[in-house]
């Protein structure tokens, strides 16, 4: 079976194309072409909307007497999808677009108006610069400043990207180096320094907690007061001869002593953690306080019966 869609045709050796008769066609004959609507439009007859990209079987012809710098302009005929009214539009080589001609109106497209406004502003700016040299200088200064700002922003973005790339590369290199050291059983300098600092902190904490005295409340308070008095006397001696030596020192500020206790399985009582003086005071207070006597309720009074002495009859209240 031969090919149905072939690209190369067979021409016999004795083929002579000059012997093929030429067809005679009219000068401006219309051709049937398949196209899509180049823009969204609305039919003027029935108001039906025809959106961009709708496919039509159109007729194409060359517009007589119109061209744009030797470029031919073509006209297309289509029919409305609802009322079959004829709609025509033609090419616009000046704006590289199409223009609606008859039977339909083009829908509003805001970006086309923006382009037109920008073009008008550009032309007005050029005309103003031609008539006013100072305005042209100001415009050039503004443009150069804007270009410098754009270049600075672009340079900052490039520097930031380069820094991020360097950081990413260094992080990957450090990770690979650490993995290699771990595989060989070694420790990096950073890990060694971190471990040494943790050991120093732990040793300092142990020394501080080991120097805290665990004594009774009276003994600890006396030690604190004695230390405060020594500090005040030292300050008074160093201040000079102008101050009086008989001045009473201010009361020492209250201090909080933290005792570090090793946790074990035995749960101690709260009173066992208190000083001896505080426990003695709590025990004396407990002994002096006696429970209140409970009043005996008189059943006769609650029932409304009054008892009298022997020999008399009971009276009911």
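The values are calculated or read from the model by the stated rules, or taken from the named source; none is laboratory data. Fair warning: this is a prediction, and the values are worked out from it, not measured in the lab. Counting neighbours? That spans all protein chains shown, and the Cβs are built from the backbone with ideal geometry, glycine included.
Among the conditions (1) exposed (fewer than 10 other Cβ atoms within 10 Å of the Cβ); (2) in contact with a strand residue (DSSP E or B) (Cβ under 9 Å, 6 or more places away or on another chain); (3) not in a strand (DSSP E or B), the only one that residue 32 does not satisfy is (3). Residues considered: 128, 138. Of these, the only one that is surrounded by 11 or more Cβ atoms within 10 Å (Cβ to Cβ), at pLDDT 85 or above, over 18 Å from residue 50 (Cα atoms) and not assigned by TED's automatic domain parsing to the domain that holds residue 63 is 138.
Of all the criteria given as (1) in contact with a helix residue (DSSP H, G or I) (Cβ under 8 Å, 6 or more places away or on another chain); (2) exposed (fewer than 15 other Cβ atoms within 10 Å of the Cβ), the one not satisfied by residue 107 is (1).
Quick check on this structure: which one of 11, 39 is surrounded by 10 or more Cβ atoms within 10 Å (Cβ to Cβ) and either free of Cβ contacts under 8 Å to residues at least 12 places away in the same chain or in the same structural domain as residue 88 (by TED's automatic domain parsing) (or both)? If you could, list the steps in order and put the result at the bottom.
On the way: 11 fails: surrounded by 10 or more Cβ atoms within 10 Å (Cβ to Cβ).
When all the criteria are applied, what remains is 39.
Condition check for residue 106 on (1) modelled with pLDDT of 85 or more; (2) within 30 Å of residue 46 (Cβ to Cβ); (3) within 34 Å of the chain's Cα centre (by Cα): one failure, at (3).
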